[in-house]
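Below: the structure, in structure tokens.
The values are calculated or read from the model by the stated rules, or taken from the named source; none is laboratory data. Since the structure is predicted, the reported quantities are computational estimates derived from the model, not experimental observations. Glycine also receives a Cβ, built like all others from the backbone with ideal geometry; neighbour counts cover every protein chain displayed. What goes into the accessible areas is simple: the full protein's heavy atoms, side chains included, and nothing from ligands, DNA or RNA. Shrake-Rupley method; radii C 1.70, N 1.55, O 1.52, S 1.80 Å.
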Protein chains: 2
Amino acid sequence: FGIYYSPEALLNVGEGEKPNEPAAKQPPQTAAGSCGCNKSCTCTKGTDVGFSDLYSTGKQRKNYLLPALDGDTKTMTFLQEVVDILMAYIVESFDRETKVIDFHYPNELLQLNNWELQDEPATLDDILISCRATLKYAIKTAHPRYFNQLSTGLDMVGLAADWLTSTANTNMFTYEVAPVFVLLEYVTLKKMREIIGWSDGRGDGIFSPGGAISNMYAMLLARFKMFPEVKEKGMSSVPKLVAFTSEHVRTQTDALFLQSLNQMSDFPAQFSSSPQLSYKGFVPFFVSATAGTTVYGAFDPLIAISDICKKYNVWFHVDGAWGGSLLMSRRHRWKLDGVERANSVTWNPHKMMSVPLQCSALLVREEGLMQSCNQMHACYLFQQDKHYDLSYDTGDKALQCGRHVDIFKLWLMWRAKGTIGFEAQIDKCLELSEYLYNKIKDREGYQMVFDGKPQHTNVCFWYLPPGIRYMEDKEEKKKRLHKVAPVIKARMMEYGTTMVSYQPQGDKVNFFRMVISNPAATFEDIDFLIEEIERLGHDL
Amino acid sequence: FGIYYSPEALLNVGEGEKPNEPAAKQPPQTAAGSCGCNKSCTCTKGTDVGFSDLYSTGKQRKNYLLPALDGDTKTMTFLQEVVDILMAYIVESFDRETKVIDFHYPNELLQLNNWELQDEPATLDDILISCRATLKYAIKTAHPRYFNQLSTGLDMVGLAADWLTSTANTNMFTYEVAPVFVLLEYVTLKKMREIIGWSDGRGDGIFSPGGAISNMYAMLLARFKMFPEVKEKGMSSVPKLVAFTSEHVRTQTDALFLQSLNQMSDFPAQFSSSPQLSYKGFVPFFVSATAGTTVYGAFDPLIAISDICKKYNVWFHVDGAWGGSLLMSRRHRWKLDGVERANSVTWNPHKMMSVPLQCSALLVREEGLMQSCNQMHACYLFQQDKHYDLSYDTGDKALQCGRHVDIFKLWLMWRAKGTIGFEAQIDKCLELSEYLYNKIKDREGYQMVFDGKPQHTNVCFWYLPPGIRYMEDKEEKKKRLHKVAPVIKARMMEYGTTMVSYQPQGDKVNFFRMVISNPAATFEDIDFLIEEIERLGHDL
């Protein structure tokens, strides 16, 4: 720890001057007071309301908050104080005059506040100060110019729902401890299966802690379906297995052998169908087609892949963690044509639908399989002599015992927007990305990473500063171009004006990957991004 | 769906009358108004403040909440309305006059509100009504008489921290998108490792979505440590593996062969050490000792088990999901003596430390192993040319790509209580369970399930109603006793007065398992539980 690289250390690529200061759009340096309010202040707010000698709990000290007797009033005052801090932060997050981030290097940030844990309790005043400090140095993921990840934005109804979820503080394993949430999971999963196109919304499913876990659960189901003995006898009872997935898949999700799906013509030939279906001595058990790859936003041809899976009787999974939400859009859902043929689908509403993190669904076509695959009959949870319908005790459908309540925020947002509201939001983000694509595809100094209109909101491009643009030495040009995006990104974070991701891919040097999932973004924000890239990068 | 059993259907065990109505302690039937406030009212509050024609978002309708222009005021009013509902619910949850649950069977609950998802958006007024309805039928997990699960209670600072976490709405994969939370995870995991007893708190770790996932991650590490080729070549490259764990372990966490650790004398003999360490043709790679089993709260003898693991060079994991928190108590931590010898430890602060769900830590002794085992170098997240210290990009330490921010609530609670505050809280819960044990161990009509004082807060016992107590026919007695706990539990839920878990175990018929993890509980609540069991069960 303690070793880091300043942007200056990377700035040896260009010979030009330091970038110009921006004219009008630089955010005021005092935008975020450390109290979380919109003014530059010295943060005595907490002290004012008299929390400096109050404690939440502690051995030798009196407790002032619930469950302390007569703790009601102080608790409500304390929580209200926290809510005021949060509200100020929310309003600020949507304000374009505010920085996306007040960036500090890790060792600086460690010094900026006392983050250490102590034996002795801190006062409630100190707790409020910690809340303010935490938000002061946080990324404003709701900011209309934060484009850094697939999950951006902050939906007000989703947020309210997540606050309620925290307050209800329960677990999804049984109807007994989460009656409403279990019902809402049932209702919502059914609706999602209808949208996939499974007849009457029949099938099964679960919300899991994220796309990687959802995909892993799908693999477990596929393996169990083909070799049910694996549950009792373990991996040594099954042959050597192989899974297939797209070459551009986001991350490998198991230690299994992975192959490219991209050469669709080669794909069937890779299977030998007799005497036992095999590929290089392995048995194919799982094909994961990607609907929306992480970097390019590309969609695999689901119908063609499903034909092969059907022919060879291999489990067909669609990883729609990123692209699944396009099913909500009448204009864009054709990109997932064939998804209804899948045995299982991963779909993360916490990405393109802006549901607060975490919210990932695994939808499964066959009813009852999840239970058979995963149930352990833990007698302390799933008593068979309970007095209500046990089909609502869903906790035995997954490896996890307890599950966090991820359903309520999606359900309440869906209720607030309606299906057409989600559709409008998704269509808008895709329009914005088309606008960006049209803006830069023939613009001087830009080069697209792949040909044609993007299928999702991913727009991948290089920005070539004038000093590199006309270079003749191809190797040298590539080498210098590789360093451009990291420096521009570092400068964006220093200024805090916007954030966008970059990466290399295969033999391609560092390029920007724009993604748009925040409904707060506008055409002007896209214009701003391009201006900012040029402002921060023209000297490189 | 639609098939369920009413408590009446189970009531054919006893010949006596229906249980008496309780004298003073029955909660008033009108305690919870549907608006979430403490009065019996008709829920027009939402309409009063004028949300009946306001929408959050929608295609043909104007948007009134952020990110709408000038949406600030309406957003703050709306969120404040939600917070008022939550505050009323919180205050009510700690009130012993309030029901723990307003129980309805699944098909009844489906009828009690319109839970369906629509194409069209709902008004904000409808959203507020949905929030109130959701809380009306929720379990009050903070209630001082809710003893149903290992995770109970609601800490006010933890709740405030969770609200802040939702508002910050970010992901743990990189320092870039979660600078403060990544630092706090670093600080907190180090502190936890110090408490385990690892020199200078060195080692590694991660917060995962729960104990099952933490334990699975530990298994992946153990397998990789012994057979690093598994990462590239898959399971077919390694021999047949076997894991060992306690007989009374909560749930099986992998499809691997499980063996009992209880017969410690047999344990070493089960290994043959030459030519290759093996057990019935399997290679032992993982021993998971349990510190606090789910039902009995029993602790495996860690020192003795660690000696064997050391001798045979097998990974030694301690599953302290439930019991790990006793490390915070100077009075009780001896129960985990030897934990410092572990290669990995699971420790869930969301159970005994009352941190809001979810909060589970996996702590690992060897530095760097998590990264080697799991990293995929996703180039779109973990760029090697970033401008800050990359050791803070923790997302490559686990199978998951994104991780929910589970650290802030633990960190802020620790700050508010200090280590001594957690210690006091844990010691108090253990005192309460000792009080319960002493109260019932010789009381007429009670029988303990296992001998001796409980090691954790788990107290397992049978209540024998007078009609069963003196029966001579042992088989018939057992048969009838088996039906007692389910009926009492069903009645508890009908009355909503308290909740406690029951289950059978091995050849033991249904017994109550009391656990205490809610610092709001008092000696009087324990007395109430016993009175309530007798009131609801004496006729059986």
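Tabulated data for the structure shown
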read-out: Span per principal axis, largest first, for the Cα atoms of segment A:90-137 (Å); value: 41, 25, 9
read-out: Principal axis dimensions, segment A:298-367 - Cα atoms, whole angstrom, descending; value: 39, 28, 19
read-out: All aspartates and glutamates inside 16 Å of A:Lys140 as judged from Cα atoms, apart from same-chain residues fewer than 8 positions distant; value: A:Glu92, A:Asp95, A:Glu97, A:Asp102, A:Asp155, A:Glu494, A:Asp525, B:Glu176
read-out: Minimum Cβ-to-axis distance in chain A for the rotation onto chain B, with residue, whole Å; value: A:Pro209, 2
read-out: Heavy-atom accessible area order for B:Ile303, A:Ile407, largest first, 1.4 Å probe; value: B:Ile303, A:Ile407
read-out: Ascending list, in nanometres, of distances separating the A:Asn114 label from those of the other copies (7 Å, Cα toward Cβ); value: 5.5
read-out: Residue-level accessible surface for B:Glu92, protein heavy atoms, 1.4 Å, Å²; value: 10 Å²
read-out: Averaged over B:234-240, number of beta-carbon atoms from partner chains that fall within 10 Å; value: 6
read-out: Amide H partners (placed H, <5 Å) of B:Tyr502, local residues excluded; value: B:Arg513
read-out: Accessible area that becomes buried as B packs against A, both chains, 1.4 Å probe, Å², nearest 100; value: 14100 Å²
read-out: Prolate/oblate/rounded label for segment A:307-429 (Cα gyration tensor, a/c 1.5); value: oblate
read-out: Over segment B:479-540, volume per residue of the alpha carbon convex hull, in Å³; value: 81 Å³
read-out: Listed residues A:Ile127, B:Ile420 arranged by accessible area, highest first, probe 1.4 Å; value: B:Ile420, A:Ile127
read-out: Copies compared at B:Glu232 - label distances in nm, ascending, label defined 7 Å from Cα in the Cβ direction; value: 3.8
read-out: Residue pairs, from the table A:Lys351/B:Lys74; B:Lys335/B:Lys439; A:Lys479/B:Lys225; A:Lys489/B:Lys397; A:Lys397/B:Lys311; A:Lys74/B:Lys136, whose Cα atoms sit over 31 Å apart; value: A:Lys479/B:Lys225; A:Lys397/B:Lys311
read-out: Å³ per residue enclosed by the Cα convex hull of segment B:417-537; value: 110 Å³
read-out: In segment A:397-473, the GluC sites (Glu not before Pro) that fall in loop regions by DSSP, at most 12 other Cβ within 10 Å; value: A:Glu444, A:Glu472
read-out: Sequence-distant aspartates and glutamates (8 or more away, or on other chains) whose Cα lies within less than 14 Å of A:Lys233; value: B:Asp254
read-out: Label-point gap, in nm, between B:Val449 and B:Asp527 - each point 7 angstrom along Cα→Cβ; value: 2.7 nm
read-out: Equivalent-ellipsoid semi-axes of segment B:108-200, from the Cα gyration tensor, Å, largest first; value: 37, 22, 11
read-out: Counting all C-alpha pairs of segment B:171-405, share separated by more than 24 Å (%); value: 44 percent
read-out: Proximal charge balance of A:Glu434 [Cβ under 12 Å; K/R count +1, D/E count -1]; value: +3
read-out: Exam field: B:Arg331 pseudo-label spacings to other copies (7 Å along Cα-Cβ), nanometres; value: 6.5
read-out: Local net charge near A:Ser166, Cβ-Cβ under 13 Å (Lys/Arg +1, Asp/Glu -1); value: -3
read-out: Gyration tensor (alpha-carbon) shape descriptor, segment B:178-224, a/c threshold 1.5; value: oblate
read-out: Solvent-accessible surface (1.4 angstrom probe) belonging to B:Asp84, in square angstrom, nearest 10; value: 60 Å²
read-out: Residue-span extension gain [B:Lys474 to B:Arg202] - 0.36 nm each, minus C-alpha spacing; value: 92.3 nm
